[in-house]
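Before I ask anything, let me first share the structure, which is written out below as structure tokens.
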Amino acid sequence: MRFLVRRLGFLLVALWAALTVNFFIPRLMPGNPAESMMATFRGRINPSALNALEAAFGINKHQSLISAYFQYVNNTLHGNLGISISYFPIPVSTMIMKALPWSLGLVGVSTVLGFILGTSLGAIAAWRRGGSLDSVLPPTFIVISAFPYFWVGLLSIWLFALTLKWFPILGGYNETATPMWNWAFIGDVLQHAVLPAFTILITSIGGWILTMRNNMITVVAEDYVKMARAKGLKPRRILWQYAGRNAMLPNLTGFAMSLGFVISGAILVEYVFNYPGLGFMLLQAVQNEDYPLMQALFLLITVAVLLAIFVSDIVTAVLDPRTRIRS
Amino acid sequence: MSAIRPLGRVVRGALTFLRRDKKAAAGSIILFILLVITAFPSWFAPDDPAAEIYKPGVGLSLSHLLGTTSFGQDVFSQLIVGTRQSVLIALIVGFFCTVLSVGIGITAAYSGGLVDDTLSLFTDVVLVIPTFPLIIVITAYLKNASFWLIVFVLVVTGWSYGARQLRVQALSLRNRDYLLAAKARGESRWYVIAVELIPPMTSLIVANFLGAALYAVLAASALQFVGLGNINTESWGTMLYWAQNNEALATGLPLWALAPGIAIAVLGSALALLNYAFDEVSNPALRPVSAKALKKVGA
Amino acid sequence: MSEPILQVRDLKVDYMTASGPAQAVNGVSLDLAQGEFLAIVGESGCGKSTLLFAIAQLLTYPASIVGGSVIFKGVDLTSLTPEELRRHRWRDISVVMQSAMNALNPTLTIGAQLADACRAHTDWSDKKITQRSAEVLAMVSIDVVHLKSYPFQLSGGMRQRAMIAMALLLEPKLVIMDEPTSALDVVAQRSLMRQVETLRHELGFSVLFVTHDMSVVSHFSDRLAVMYAGEVVELDTTREVFDRPQHPYSQGLMDAFPSLLGEPRALTGIAGTPPTLVNPPAGCLFAPRCSFAMDVCRTTKPELITKGTRAVRCHLVNPLKSA
């Protein structure tokens with residue numbers, strides 16, 4: 001398990017780096033936005049709330065930079081992320097908790113689905129080398145993976161929502177409906193999720209397909225695959241247990257690295273569809289100059305990505321005994 | 001000078017490569033056309049893109065190949081003039097990212113030890129932090145970021161993937177005998193790096209450049225699309241910004257919204273195709289296998 | 001005499017290259033009797049491994065069989081469908097590869113890989129599978145606890161023995177071995193060969209063994225075939241080939257291996273390089289390197305002529321009767 005402990009340590013370092021960057025950015029920017037933001041607050045809230053905000057955001061004229069930094073880290077770890085400017089006086093933490101489930105649902109599901117589908121398709125394409133799948137998939141998806149996410153979103157809106165009228169155009173659910181746990185609402189949510197999910201899926205799947213295909217081609221030439229054939233194992237078993245299992249390992253590391261890319265795409269997709277997730281909230285916060293909310297969202301997105309990476313590390317450890325057991 | 005013969009060989013090699021690989025050929029042709037448009041936009045654009053002189057909301061027609069915007073501007077002219085921004089950002093960011101990746105990746109691999117550990121940790125941390133939200137936060141504070149500021153932000157966030165890849169390859173080459181032989185001959189460290197280590201990595205470095213350029217195009221246009229770039233410049237991303245804000249899709253002006261996206265997709269595809277072609281150069285096993293050849297061998 | 005279990009007739013294998021097909025195996029014919037150990041010897045690139053994998057029907061693109069037949073117990077393997085062929089595998093013919101590190105799936109335990117083969121061809125219960133797996137491991141002196149080990153946890157010698165154990169799981173009639181000792185040190189080599197020998201006597205399977213190092217098989221093989229540039233150039237009992245090589249190439253090979261006993265003498269090699277296999281030259285393929293080459297050697301390819309137990313492909317040994 002030393003592998004996982006080491007990875008956890010690394011991810012904590014990354015988290016600390018993100019926190020630090022988050023703290024210093026507003027201070028390094030021209031015009032010191034942190035200060036000007038405090039100025040907008042000053043007239044509006046009572047002094048104790050103002051103090052809390054200063055503490056949460058780490059701004060205090062009477063504090064040295066170092067102690068402000070530690071206070072900031074302390075506050076963040078306790079979940080005290082400040083008060084939102086655009087949704088004043090609601091605390092930031094409340095706002096982001098509202099958006100979190102929507103993003104988890106949409107982005108989480110599409111990403112995992114994309115990975116599983118893409119990896120499987122890539123494996124099959126490489127297995128049938130020279131087949132129709134292998135000649136069609138690579139060039140098609142090289143091109144598709146170069147499409148900007150938001151444009152594919154716009155395209156699907158135009159095609160499926162406006163022209164064909166199969167799906168709703170915007171939002172996470174029908175605005176006139178009240179969110180409730182019944183089938184009608186869930187059905188509504190699912191209907192609204194189809195196009196955004198489809199957009200994320202189709203733009204991210206190309207990467208998985210291509211990398212898996214390339215890995216498989218190398219693995220299929222290995223001796224243990226030849227050995228599996230010599231043993232007379234059923235082709236399907238060789239494909240998945242011998243070739244696929246080994247080819248997928250570098251793909252999992254790749255999953256971790258490209259997660260950042262997928263997240264950026266997801267943010268844009270939420271924006272285009274006005275889907276009420278973290279990404280949409282982030283861009284709205286930018287437009288409203290709501291800095292506390294903006295920074296908290298950046299932090300939360302980072303945490304989500306780091307967590308996802310850790311999960312993929314766990315999966316790698318399960319699949320590859322060499323990482324688990326190092327004599 | 002004697003530099004001409006190897007140069008000739010490189011050019012001939014490049015031409016054979018293009019002829020053999022359809023992907024590389026397609027990508028190169030597209031890039032070439034876009035470069036020409038970047039250099040001489042006035043040859044292709046009939047109008048001043050900012051001029052609001054036409055009837056707004058005209059669809060596809062002979063005088064306006066892509067219609068007009070809701071402000072009465074010619075979409076086609078905007079598209080042509082906007083090419084420059086995207087192509088330049090791709091090339092410039094790609095270049096600087098590659099310089100950083102090569103510098104950091106190779107230094108880490110060559111130095112080994114503590115230097116390597118530190119640089120690798122730094123690279124991995126930058127790699128793992130999601131860059132787009134970070135870029136959004138930074139440019140939000142910068143308010144109407146200029147072209148060069150966007151270049152800076154993209155370079156600072158985009159070099160880590162390449163650095164990692166190059167470090168891995170440099171490591172595998174580093175212990176090869178011919179490098180040890182060069183060291184034994186007493187060659188200086190810089191000579192070994194520049195003359196012996198870098199040339200075999202050329203195709204990977206080029207692939208990295210293309211990848212960084214692609215990332216720059218998509219990230220820059222995404223920023224402009226959400227209004228974080230300078231919305232008064234002419235670029236594909238800002239076209240999309242204005243189109244989106246004026247409900248182009250819903251008001252029957254789909255070309256205004258779709259055309260710039262197609263342009264981005266075209267530039268992106270060209271870069272992606274070339275990138276993939278260079279990947280195949282470094283790993284010949286990935287090259288396409290025709291079904292005919294397989295049948296002949298009875299597979 | 002009983003029917004040979006393996007009959008290879010005029011087998012031809014081509015490799016697709018950028019400049020056209022290369023004739024890696026050019027019309028090889030062999031017979032293998034039940035329980036016999038036949039060694040195939042030759043330099044790198046002579047086609048011996050290709051021949052082996054062609055016989056085992058394990059070639060992949062860009063190599064493929066373009067002619068001839070491989071008849072195993074009366075069935076022509078080249079004419080079977082993939083599914084029919086799959087059912088013959090491991091039960092009748094098993095394979096031991098050169099590098100056990102590369103030939104074993106790194107992400108599955110030894111036990112799982114043994115069980116794989118059992119499940120693919122039998123309907124044994126899990127208990128029987130474990131029992132049989134333990135049996136074969138014991139045959140090669142590997143502790144049964146290693147059923148739960150992963151390949152990287154075993155030493156090189158152990159891995160190679162595990163491969164042999166795996167090859168004997170279903171009691172095949174023929175075990176094909178592709179340079180299984182190349183990755184081992186001399187001591188481990190001998191130990192492995194002895195183990196193979198003991199098992200062969202106990203279980204009675206035939207062995208087709210390919211190596212570039214003749215000393216490894218000199219005490220174990222019944223017959224020895226010498227290959228050059230895709231063809232068999234000499235074939236006889238091992239002792240005969242060692243003591244009285246007739247083909248100039250075999251003579252060169254024997255001379256290249258100094259004896260531990262006897263007078264010290266100068267080391268000799270065989271000058272030159274093997275011919276290109278894409279559009280090979282006319283005449284004998286060894287002629288360019290042969291110190292006995294005559295004019296006819298360069299124009300007419302010699303046939304493999306059998307006299308008694310000895311087969312030789314050489315104009316010097318079997319001169320052409322002039323018209």
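Can you confirm whether A:Leu300 is at the interface with chain B (Cβ under 8 Å from one of its Cβ atoms), in contact (Cβ under 8 Å) with a residue 12 or more places away in the chain and assigned to a helix (DSSP H, G or I)?
Taking the combined requirement at face value, the residue does not satisfy it.
Scan region B:178-188 residue by residue and report those that are surrounded by 12 or more Cβ atoms within 10 Å (Cβ to Cβ) and either outside any helix (DSSP H, G or I) or touching a residue at least 60 places away in the same chain (Cβ under 8 Å) (or both).
B:Glu187
Answer yes or no as to whether A:Arg245 is part of a helix (DSSP H, G or I), modelled with pLDDT of 75 or more, of a type in the set (D, E, K, R) and within 18 Å of A:Ser312 (Cβ to Cβ).
Yes.
For region A:225-275: of the residues being over 26 Å from C:Gln113 (Cα atoms) and of a type in the set (Phe, Trp, Tyr), which is nearest to the chain's Cα centre (by Cα)?
Among them, the one singled out is A:Phe261.
If we keep just the residues of region A:118-156 that are touching an Asp or Glu at 6+ places or on another chain (Cβ under 8 Å) and crowded, with 19+ Cβ neighbours inside 10 Å, which is farthest from the other protein chains (Cβ to nearest Cβ)?
Filtering region A:118-156 for residues that are touching an Asp or Glu at 6+ places or on another chain (Cβ under 8 Å) and crowded, with 19+ Cβ neighbours inside 10 Å, the one farthest from the other protein chains (Cβ to nearest Cβ) comes out as A:Ala125.
Further question: Considering (1) surrounded by 19 or more Cβ atoms within 10 Å (Cβ to Cβ); (2) farther than 23 Å from B:Ala222 by Cβ, say which one B:Thr107 fails and leave the rest.
Of (1) surrounded by 19 or more Cβ atoms within 10 Å (Cβ to Cβ); (2) farther than 23 Å from B:Ala222 by Cβ, only one is false for B:Thr107: (1).
Check C:Arg200, C:Arg223 and return the single one that is basic (Lys, Arg), touching a strand residue (DSSP E or B) at 6+ places or on another chain (Cβ under 9 Å) and farther than 30 Å from C:Val317 by Cβ.
Being basic (Lys, Arg), touching a strand residue (DSSP E or B) at 6+ places or on another chain (Cβ under 9 Å) and farther than 30 Å from C:Val317 by Cβ holds for just one of C:Arg200, C:Arg223, which is C:Arg200.
Among the residues of region C:74-100, how many are surrounded by 15 or more Cβ atoms within 10 Å (Cβ to Cβ), charged (D, E, K, R) and under 17 Å from C:Ile5 (Cα atoms)?
3
Identify, from the list A:Ser64, A:Ser86, the residue that is of a type in the set (Ser, Thr, Tyr) and either touching a residue at least 40 places away in the same chain (Cβ under 8 Å) or crowded, with 18+ Cβ neighbours inside 10 Å (or both).
A:Ser86
Another question about this same structure. Mind checking whether some residue in region A:30-37 is at pLDDT 85 or above, within 11 Å of another protein chain (Cβ to nearest Cβ) and surrounded by 17 or more Cβ atoms within 10 Å (Cβ to Cβ)?
no
Here's a follow-up. Scan region B:220-248 residue by residue and report those that are more than 10 Å from every other protein chain (Cβ to nearest Cβ), within 19 Å of A:Ile157 (Cα to Cα) and outside any helix (DSSP H, G or I).
B:Asn246, B:Glu247
Name, by its number, the condition in (1) at pLDDT below 90; (2) of a type outside the set (D, E, K, R); (3) crowded, with 18+ Cβ neighbours inside 10 Å that does not hold for C:Leu51.
(1) is the only condition that C:Leu51 fails.
Can we say C:Pro288 is touching a Cys at 6+ places or on another chain (Cβ under 6 Å) and either surrounded by 23 or more Cβ atoms within 10 Å (Cβ to Cβ) or outside any loop (DSSP other than H, G, I, E, B) (or both)?
no
Still on this structure, please answer the following. Surrounded by fewer than 21 Cβ atoms within 10 Å (Cβ to Cβ) and among the small types (Gly, Ala, Ser): is that true of A:Ala308 in this structure?
Spelling it out, A:Ala308 is indeed surrounded by fewer than 21 Cβ atoms within 10 Å (Cβ to Cβ) and among the small types (Gly, Ala, Ser).
Scan region A:191-203 and give yes if some residue there is modelled with pLDDT under 85 and surrounded by fewer than 18 Cβ atoms within 10 Å (Cβ to Cβ), otherwise no.
yes
Which of the residues that make up region C:150-189 are within 12 Å of chain A (Cβ to nearest Cβ) and polar (S, T, N, Q)?
Scanning region C:150-189 gives C:Gln153, C:Ser155.
State whether one or more residues within region C:41-52 are within 14 Å of chain A (Cβ to nearest Cβ) and within 23 Å of C:Leu203 (Cβ to Cβ).
yes
Quick check on my filter: what residues within region A:223-242 are basic (Lys, Arg), at the interface with chain C (Cβ under 10 Å from one of its Cβ atoms) and in a helix (DSSP H, G or I)?
A:Lys226, A:Arg229, A:Arg237
While we're here: What residue, among those in region B:203-219 that are at the interface with chain A (Cβ under 10 Å from one of its Cβ atoms) and of a type in the set (A, V, I, L, M), is nearest to A:Val286 (Cα to Cα)?
B:Ala219
Tell me which residues, restricted to region B:131-181, are more than 30 Å from A:Ala296 (Cα to Cα), more than 11 Å from chain A (Cβ to nearest Cβ) and in contact with a Leu (Cβ under 9 Å, 6 or more places away or on another chain).
Passing the criteria: B:Leu166, B:Arg167, B:Gln169, B:Ala170, B:Leu173, B:Arg174, B:Leu179.
Quickly run through region A:260-291 and pick out the residues that are crowded, with 22+ Cβ neighbours inside 10 Å and either over 22 Å from A:Ile157 (Cα atoms) or basic (Lys, Arg) (or both).
Of everything in region A:260-291, those that are crowded, with 22+ Cβ neighbours inside 10 Å and either over 22 Å from A:Ile157 (Cα atoms) or basic (Lys, Arg) (or both) turn out to be A:Gly260, A:Ala285, A:Asp290, A:Tyr291.
While we're on this one: Given the residues B:Ala259, B:Ala263, B:Ala277, which is the only one that is at pLDDT 75 or above, in a helix (DSSP H, G or I), more than 8 Å from chain A (Cβ to nearest Cβ) and touching an Asp or Glu at 6+ places or on another chain (Cβ under 9 Å)?
The unique qualifying residue is B:Ala277.
State whether one or more residues within region C:164-175 are crowded, with 18+ Cβ neighbours inside 10 Å, over 16 Å from the mean Cα position of the chain (by Cα) and part of a helix (DSSP H, G or I).
Yes, because at least one residue in region C:164-175 is crowded, with 18+ Cβ neighbours inside 10 Å, over 16 Å from the mean Cα position of the chain (by Cα) and part of a helix (DSSP H, G or I).
The values are calculated or read from the model by the stated rules, or taken from the named source; none is laboratory data. Since the structure is predicted, the reported quantities are computational estimates derived from the model, not experimental observations. A quick note on method: Cβ atoms are made from the backbone with ideal geometry, for glycine too, and the neighbour counts reach across all protein chains shown.
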